[in-house]
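**Student:** Below are the structure tokens for one structure; questions will follow.
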Amino acid sequence: MPNLVIKLTLELTRPLVFHLWLPMETEEAIVIEEQNVHVTLYFTPKSTWWASQPTSEEIRRTFNNHAHRMFIEARVQISEALGNYIRSGSREVGSLADEYEALGRTWKRSSKIELID
């Protein structure tokens, strides 16, 4: 089954603070899996760049690392037929169009992001 891959950069209005750490390595990424969806949240040294531009080594020695951006990669398993439909750019109506629209509705409904203080 093919994967639909969505890559996003999320600019944060308030930085996330990590103490002596920032999940920059692949094995440190924050991973969420549910049914046919695999979401990976990760950071790079550029995530902390604001007034200064620390290196990976400096980040590991810094008490409070402020991440101002987060990188997100979402992988959704889809059927071969739906993958071909998406790649074709078709505007045909029918069961594949309905499946594609349902996938979009599911993502829209489940992509609520809230900031909890």
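**Student:** Anything in segment 9-30 that is touching a residue at least 40 places away in the same chain (Cβ under 8 Å), surrounded by 11 or more Cβ atoms within 10 Å (Cβ to Cβ) and not in a strand (DSSP E or B)? List them, or say none.
**Tutor:** If the condition is that a residue be touching a residue at least 40 places away in the same chain (Cβ under 8 Å), surrounded by 11 or more Cβ atoms within 10 Å (Cβ to Cβ) and not in a strand (DSSP E or B), then Leu20, Trp21, Leu22 are the ones that fit.
**Student:** It is to be established whether one or more residues within segment 54-62 are in contact with a strand residue (DSSP E or B) (Cβ under 6 Å, 6 or more places away or on another chain) and surrounded by 13 or more Cβ atoms within 10 Å (Cβ to Cβ).
**Tutor:** Within segment 54-62, one or more residues are in contact with a strand residue (DSSP E or B) (Cβ under 6 Å, 6 or more places away or on another chain) and surrounded by 13 or more Cβ atoms within 10 Å (Cβ to Cβ).
**Student:** Between residues in segment 93-105 that are among the aromatic types (Phe, Trp, Tyr) and residues that are in a helix (DSSP H, G or I) and surrounded by 10 or more Cβ atoms within 10 Å (Cβ to Cβ), which pairs lie under 8 Å by C-beta distance while being six or more apart or on different chains?
**Tutor:** Listed pairs, sorted by first residue: Tyr100/Leu82; Tyr100/Tyr85; Tyr100/Ile86.
**Student:** Here's another thing I want to ask about it. Pairs only if they're at least six apart or on different chains, beta carbon under 6 angstrom, first in segment 33-51 and assigned by TED's automatic domain parsing to the domain that holds Asn64, second assigned to a helix (DSSP H, G or I); list them, first residue then second.
**Tutor:** Between residues of segment 33-51 that are assigned by TED's automatic domain parsing to the domain that holds Asn64 and residues that are assigned to a helix (DSSP H, G or I), the close pairs are Pro45/Ser56.
**Student:** In segment 47-64, what residues are modelled with pLDDT of 85 or more and among the aliphatic types (A, V, I, L, M)?
**Tutor:** Ile59, the sole residue that qualifies.
**Student:** Count, please, the residues in segment 47-93 that happen to be of a type in the set (D, E, K, R) and farther than 30 Å from Pro2 by Cβ.
**Tutor:** 4
The values are calculated or read from the model by the stated rules, or taken from the named source; none is laboratory data. Since we're looking at a predicted model, the values are computed, not measured. Positions of Cβ are backbone-derived with ideal geometry, glycine not excepted, and every protein chain shown enters the neighbour counts.
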